[in-house]
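One structure is given here, and the rest of the page talks about it.
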Amino acid sequence: MAEQPETQHPGAGAGRLRRVSILGEDGRRGSDPDFDAYLEDVTLEDLKASYRSMLTVRRFDDEVTALQRQGKLALWAPARGQEAAQVGAALAMLPQDQVFPSYREHALAYERGVDLKEMLSVFRGYSGGGWDPTAHNFHLYTFVLAAQIPQAVGYAMGQRLDARLGLGQDPAEGSEPPATIVCFGDGSSTQGEAHESMVFAASYDAPVLFFVQNNQWAISVPFSTQSRLPLAERAAGYGFEGIRVDGNDLLAVRAVTAYALEKIRRGEGPVLIEAETYRLGAHTTADDPTKYRTREEEDGWAAKDPLVRLERHLRAEEVEDAFFEAASEAAQEYGREVRDAVLAMEPPEFAEYFDTVYAEANTLVEQDRAWFQQYEAGFDDAAQEDPR
Amino acid sequence: MSTHEIENLPIAKALNAAMDDALAADPTVLMMGEDIGTLGGVFRVTQGLKETYGADRVMDTPLGEAGIVGTAIGLAMRGYRPVCEIQFDGFVYPSFNQITSQLAKIHFRSDGRISLPVVIRIPYGGNIGSIEHHSESPEALFAHTAGLRVMTPSNAQDAYSMLREAIASSDPVIFLEPKRRYWLKGEVDRSASTTDTQRAQVVREGQDLTLAAYGALVPVALAAAEAAQEDGRSVEVVDLRSISPLDVATVEASVSRTGRLVVTHEAPTFGGMGGELAAEIGTRCFYRLEAPVIRVGGYHMPYPVAAVEEDYLPNIDRLLEAIDRSLSH
Ligand SMILES: Cc1ncc(C[n+]2csc(CCOP(=O)(O)OP(=O)(O)O)c2C)c(N)n1
Ligand SMILES: [Mg+2]
């Protein structure tokens with residue numbers, strides 16, 4: 001199946017959605033009649049800020065990969081190559097929007113204000129969740145693929161219900177109605193929960209954006225095994241709009257996300273965006289991509305690197321060397337901070353974990369806790385009896 | 001909806017009253033499930049609720065159990081208290097991932113920052129002469145999952161009080177409804193303050209042997225105790241009510257007096273709640289036991305066809321045989 005060229009499938013050529021693209025691989029800015037309007041207020045300073053974010057997260061990713069290799073982290077899943085898709089989407093979101101990430105949304109987390117150092121406590125095995133999901137409207141990572149998708153749809157149903165039932169809205173939410181954004185990958189799109197989620201979202205006109213990063217691979221399995229058609233085309237089957245976008249194009253992703261969220265906020269129901277990108281690194285630090293993909297393929301995508309593309313654009317706009325040097329130095333500094341933070345982390349106490357199994361008192365947990373404390377105390381007594 | 005009188009209600013109506021009162025008391029309470037709105041549920045347990053509270057709060061959802069539970073989790077994160085109905089026990093498995101890997105764990109993995117007050121109502125158990133997948137008892141699967149509470153009422157008052165408590169709980173609750181008893185009537189006091197449903201209840205006192213049961217088998221256990229009485233045997237019956245956490249202390253207190261325990265459930269004996277209770281009582285009452293704990297459960301087979309389900313299910317005769325066996329030690 002993986003060997004078949006995608007065009008062999010009957011009907012696959014017909015009605016293909018166009019792929020929205022604005023910033024060319026050469027860094028030259030094109031235009032798009034449908035989406036230019038969503039970029040009107042984007043300034044050069046904004047683009048420089050995006051570049052700084054993308055570079056910082058790239059540096060973070062590299063530093064964390066090194067930390068894992070040195071045995072300081074159990075595992076790491078780099079986002080290298082997907083920074084434009086994530087930062088571009090984040091730029092179109094409002095603080096009151098709720099994000100449900102998958103597990104590779106480090107750049108999106110950074111843009112939402114999550115402390116990436118806290119995130120690493122998860123990968124160090126020191127924390128189950130890492131950050132406070134309520135502080136940034138950025139839910140925890142979900143490692144059971146696609147399980148977060150129906151949860152996001154339910155959350156969006158709740159956002160809509162708040163208004164319909166006249167229930168108190170969070171004062172921070174301001175006048176613009178909130179939306180929910182849920183991220184998942186090309187592989188996860190196959191899960192039944194992804195499908196059910198789209199049905200529920202459509203039925204309830206849920207204000208939810210399905211944001212798919214198609215990075216061409218689900219570990220070793222190519223996209224052609226997951227779908228005959230671009231994933232964005234599935235949206236039509238559920239009765240809502242799907243958009244294909246060059247996921248390595250910061251401007252295009254920002255524009256289509258702004259368009260989609262505006263439509264969602266108007267109460268017109270869900271939208272699906274498929275950002276076509278590429279995982280430039282390994283699936284995780286436990287993976288060996290040489291087993292399933294070619295050097296030529298990797299090189300081809302390296303030439304489309306979103307960070308390089310944005311740099312080309314900024315240089316064409318006559319942004320000076322000093323900016324790039326300062327951005328690079330700041331990213332290096334961030335990497336050092338991350339390293340220090342990981343090395344300084346203190347492991348939790350096992351006994352704390354009895355506290356959060358349930359929200360309310362639970363006799364079974366209390367029984368286990370009492371037993372554990374008694375067992376531990378036994379060692380103290382033994383140590384007193386035998387001071388060696 | 002007068003709340004200060006004693007009503008004589010079947011379990012199904014007591015459950016309906018509990019949902020009605022919860023919907024009236026708290027605007028964040030929602031009902032969701034397949035056919036629960038316009039139809040009132042295939043067992044009519046939610047009858048009339050959509051008419052009273054509207055389609056926004058009593059939702060006829062699309063047909064997908066993972067979608068129902070998954071969206072309920074998201075609604076709970078947004079501040080709602082969803083009560084999901086799974087149409088039949090055998091159809092809960094499509095949502096098993098959402099229940100066990102998500103609903104049960106999110107409070108824990110968020111370091112207690114997210115509570116999920118979600119109730120999942122499941123009509124369960126057999127002896128209704130139905131086709132396959134409509135007669136199962138999956139309680140042990142959920143009891144084995146930390147983070148979930150599992151409870152099952154056996155009478156109308158408990159059906160009302162326990163469902164009110166389940167909806168009020170900040171923790172997710174698997175609420176198992178003994179469907180063959182839906183039309184069993186009993187007195188219900190809607191003003192009765194919620195009982196402590198983490199506790200088991202002695203529903204018949206006796207001296208010679210303790211018989212522990214829950215859900216649909218409580219009336220069977222009571223009938224067996226009555227029959228044993230005719231042979232001069234005094235059997236104490238304990239209704240466990242809460243499957244997780246399991247109130248071992250109440251059973252322990254009973255067995256400390258009687259010295260004997262028979263425990264029964266419809267679910268297969270192997271890996272079931274009876275084994276858990278036997279292990280706990282074997283440890284706590286080791287010197288007070290006069291006989292080994294005896295389990296009377298379903299056999300190790302998928303739930304069989306209706307024509308032979310009487311042979312599969314624990315009944316009065318099987319309980320009397322177990323009581324004999326215990327007392328012969
Ligand atoms: C339900 C489930 N099945 C399998 C896995 C193991 N697994 C982790 S990531 C992954 C591939 C995911 O691919 P995709 O959705 O495209 O996301 P990507 O890794 O490319 O970002 C697999 C199979 C899992 N985490 N969850
Ligand atoms: Mg992928």
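Quick look at the values:
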| item | result |
| --- | --- |
| Lone qualifier among A:ALA179, A:ALA202, A:ALA163, A:ALA232 - being more than 22 Å from the chain's Cα centre (by Cα) and more than 9 Å from every other protein chain (Cβ to nearest Cβ) | A:ALA163 |
| Some residue of the range A:192-205 being within 16 Å of ligand 1 (Cβ to nearest atom), in a loop (DSSP other than H, G, I, E, B), modelled with pLDDT of 95 or more and of a type outside the set (Val, Ile, Thr) | no |
| Of residues in the range A:339-363 being open to solvent by 50 Å² or more (accessible area, probe 1.4 Å) and under 30 Å from B:SER242 (Cα atoms), the one farthest from the other protein chains (Cβ to nearest Cβ) | A:PHE350 |
| Condition met for A:PHE138 (within 16 Å of ligand 2 (Cβ to nearest atom) and either buried (at least 24 other Cβ atoms within 10 Å of the Cβ) or farther than 30 Å from A:TYR51 by Cβ (or both)) | no |
| Condition met for A:ALA152 (within 8 Å of another protein chain (Cβ to nearest Cβ), buried (at least 24 other Cβ atoms within 10 Å of the Cβ), over 22 Å from A:VAL64 (Cβ atoms) and not β-branched (Val, Ile, Thr)) | yes |
| Any hit, the range A:303-310, residues being open to solvent by less than 30 Å² (accessible area, probe 1.4 Å), part of a loop (DSSP other than H, G, I, E, B), closer than 30 Å to A:LEU47 by Cβ and touching a Gly at 6+ places or on another chain (Cβ under 8 Å) | yes |
| Selection status of B:ASP35, within 13 Å of B:ILE120 (Cα to Cα), more than 14 Å from chain A (Cβ to nearest Cβ) and either out of contact with any Phe, Trp or Tyr (no Cβ under 7 Å at 6 or more places or on another chain) or open to solvent by less than 20 Å² (accessible area, probe 1.4 Å) (or both) | no |
| All strands (runs of 3 or more DSSP E) inside the range B:147-197 with 1 or more residues being among the small types (Gly, Ala, Ser) | B:185-189 |
| Residue within the range B:117-124 that is assigned to a loop (DSSP other than H, G, I, E, B), open to solvent by 40 Å² or more (accessible area, probe 1.4 Å) and in contact with a Leu (Cβ under 9 Å, 6 or more places away or on another chain) present | no |
| First in the range A:213-228 and within 14 Å of chain B (Cβ to nearest Cβ) and near ligand 2 (Cβ under 8 Å from one of its atoms), second anywhere and in a helix (DSSP H, G or I) and of a type in the set (A, V, I, L, M), Cβ under 6 Å, 6 or more apart | none |
| Hey, A:SER189 crowded, with 24+ Cβ neighbours inside 10 Å, within 13 Å of ligand 1 (Cβ to nearest atom), of a type in the set (Gly, Ala, Ser) and more than 9 Å from every other protein chain (Cβ to nearest Cβ) or not | yes |
| Members of the range B:48-70 that are farther than 10 Å from B:MET32 by Cα, in a helix (DSSP H, G or I), in contact (Cβ under 8 Å) with a residue 12 or more places away in the chain and within 9 Å of chain A (Cβ to nearest Cβ) | B:GLU65, B:ALA66, B:GLY70 |
| Residue under evaluation B:ARG288, criteria (1) buried (at least 22 other Cβ atoms within 10 Å of the Cβ); (2) without any contact (Cβ under 8 Å) to a residue 40 or more places away in the chain; (3) charged (D, E, K, R), criterion not met | (1) |
| Close pairs (6 angstrom Cβ cut-off, 6 or more residues apart or separate chains): at the interface with another protein chain (Cβ under 8 Å from one of its Cβ atoms) in the range B:92-103, not β-branched (Val, Ile, Thr) anywhere | B:PRO94/B:GLU65; B:PRO94/B:ALA66; B:GLN98/B:ALA66; B:GLN98/B:GLY70; B:GLN102/A:ALA147 |
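The values are calculated or read from the model by the stated rules, or taken from the named source; none is laboratory data. Predicted model, so just to flag it, every value in this text is computed and none were measured. Ideal geometry is used to build each Cβ from the backbone, glycine not excepted, and the neighbour counts take in all protein chains shown. For the accessible areas, the whole protein counts, side chains as well, though only heavy atoms, and no ligand, DNA or RNA atoms are used. Shrake-Rupley method; radii C 1.70, N 1.55, O 1.52, S 1.80 Å.
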